[in-house]
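*Asks:* One structure coming up, written as structure tokens, with questions to follow.
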Amino acid sequence: MNLRRDVFQAIADPTRRAILLLVASQSMTAGTIASNFDTARPTVSKHLQILTECELLKQEQNGREIYYHLNPKKMKEIAVKKYKSKKIE
């Protein structure tokens, strides 16, 4: 079953926001990302999965490594939605 995740629910988590900030400047592997947190690697992997499913992160295979990088188009789309919702209120 392929459930569509809510983008705003995904970025509500502080760990996921921290991951987005980390990969905003450069692509990183899951291990490099995980080394920046005091949580188990499977936990970080789950956060990466959620961010990837929401299309906030993109994956790029380079040999045996998978690099994660920010998807700027999706971030812009979210910013526009948030701006429009504030304008309506």
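Taken together, the values in this text are just the output of simple stated rules run on the coordinates, not laboratory data. Given the structure is predicted, the values throughout are model-derived calculations rather than measurements. Virtual Cβ from ideal backbone geometry, glycine too; neighbours counted across all protein chains shown.
*Asks:* Does Ile50 satisfy the criteria of being part of a helix (DSSP H, G or I) and within 11 Å of the chain's Cα centre (by Cα)?
*Replies:* Details: part of a helix (DSSP H, G or I): yes; within 11 Å of the chain's Cα centre (by Cα): yes.
It is true that Ile50 is part of a helix (DSSP H, G or I) and within 11 Å of the chain's Cα centre (by Cα).
*Asks:* Restricting attention to the stretch 44-73, report how many residues are without any contact (Cβ under 8 Å) to a residue 12 or more places away in the chain and under 22 Å from Asp6 (Cβ atoms).
*Replies:* Within the stretch 44-73, residues that are without any contact (Cβ under 8 Å) to a residue 12 or more places away in the chain and under 22 Å from Asp6 (Cβ atoms) number 5.
*Asks:* Condition (residue is assigned to a helix (DSSP H, G or I) and in contact with a helix residue (DSSP H, G or I) (Cβ under 8 Å, 6 or more places away or on another chain)) applied to the stretch 60-71: is it met by at least one residue?
*Replies:* Taking the stretch 60-71 as the starting set, the residues that turn out to be assigned to a helix (DSSP H, G or I) are none.
No, the stretch 60-71 contains no residue that is assigned to a helix (DSSP H, G or I) and in contact with a helix residue (DSSP H, G or I) (Cβ under 8 Å, 6 or more places away or on another chain).
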